[in-house]
Amino acid sequence: MPNIASWHPQIVHFAVALLCVGVLFRWIALTGRAAWAGPAAAVLLLAGTLAAVLAVQSGTDAHGPVERVPGARAAVIEHEDWGKRTRNIFLIVAALEIGALAVARRSARVTKGLAIASAIVGLAGGFALYEAGEHGGELVYNYAGGVGIRSGDTSDVSRLLIAGLYHSAQAARTRHDSAAAAEFFGEMARRFPGDTTVRFLAIESLVRDRNDGKAALAALAQLTVPAGDQRLRLRYGFLKTDAFLAAGRADSARATLEQLARDFPENTRIKDRLAQIK
């Protein structure tokens, strides 16, 4: 079978949707109030079980690189175990559904019993499905599992590094460790010098974390902002204002804001900043 690791996220979401709705429809069908629910449940549960089988296979294909992330192995194994439990339970559900279809014309009583059994086992499968999904989410959000393995594009890993440095800097600010925050933002700027957003963050850090307005002004002087990009022009102007204030040049900060006010007369944030300085 071909390696389908890169398809794991798509397959998993199909499995979750099909199986959850399938179990729900099976219980609706047992009420006898919706004739369409029984056939719909059978189709959804059979399709969802196939998706669960493929989800386990794609997860197995993907687990190697994820498992090698330091500290992630136990989480990978737990997710895999719940995924396999889910697949196995719904294979039983699928067998019950096929059995019910096979005897539908011969014994209404047996068909009803198999449908009830499918509904009950489906609830157990739903619990296992929830656990598999919960542990899968933990891999994605707590361990960054799968980054860089879907497309083989190394930019995925670069984006992960940027995110890691950014969140580390924000965490440092939360604990009032300005020196550490400045180091993280500085590292971002060294590694990604061509990223405009990173450059803005690094310059902002010079003001906010190091209180070095002169260095921030020097860095801003090397930054070119497209004339048609209103968002960046505003950010540049506000950052320049902060840098002037940090450098003790309140008059220059006021002049910068006044120019912004002329360029963007409807912007209330500019007016508020001007009022604060005055």
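Taking neighbour Cβ counts within 10 Å as the exposure measure, how do LYS84, LYS278 sort from fewest upward?
LYS278, LYS84
With contacts defined as alpha carbon pairs under 8 Å and 6 or more residues apart, what's the relative contact order of the chain in percent?
12 percent
Using Cβ contacts closer than 10 Å as the measure, can you line up SER118, SER155, SER205 from fewest to most?
SER155, SER205, SER118
Which one of ALA5, ALA119, ALA17 is farthest out on the positive end of the charge dipole of the stretch 5-143, using unit charges on Cβ (Lys, Arg +1; Asp, Glu -1) and the Cα centre as origin?
ALA119
In whole Hz, with x marking every Gly and Pro, tabulate ³J(HN,Hα) for the stretch 177-186 from phi via Karplus 6.51 cos²θ - 1.76 cosθ + 1.60, θ = phi - 60°.
9, 5, 4, 5, 4, 4, 5, 5, 5, x
Which of the peptides 231-241, 104-114 is most tightly packed, and how do the rest follow, judged by the mean count of other Cβ atoms within 10 Å per residue?
So the peptides 231-241, 104-114, ranked by packing, come out 231-241, 104-114.
Size of the dipole of the chain about the Cα centre, Lys and Arg at +1 and Asp and Glu at -1 on the beta carbon, nothing else charged, in debye to 20?
640 debye
Putting +1 on Lys and Arg Cβ atoms and -1 on Asp and Glu Cβ atoms, find which of GLN57, PRO70, VAL157 reaches farthest to the positive end of the dipole of the chain.
Positive-end residue among those listed: GLN57.
Of (1) 19.3, 61; (2) 28.7, 92; (3) 18.6, 62, which is the value of Rg and Dmax of the Cα atoms in Å derived from the coordinates here?
Only one option fits the structure, namely (2).
To the nearest 20 debye, what is the magnitude of the charge dipole of the stretch 212-278 about its Cα centre, counting +1 on the Cβ of each Lys and Arg and -1 on the Cβ of each Asp and Glu?
60 debye
Just subtract the alpha-carbon distance of LEU101 and ASP229 from 0.36 nm times their residue separation and send over the number in nm, one decimal.
39.8 nm
Pairs of Cα atoms under 8 Å, at least six residues apart: use those to get the relative contact order of the stretch 5-148, whole percent.
27 percent
Values in this text are rule-based calculations from the coordinates and carry no lab data. Not measured: the values here are computed from a predicted model. Virtual Cβ from ideal backbone geometry, glycine too; neighbours counted across all protein chains shown.
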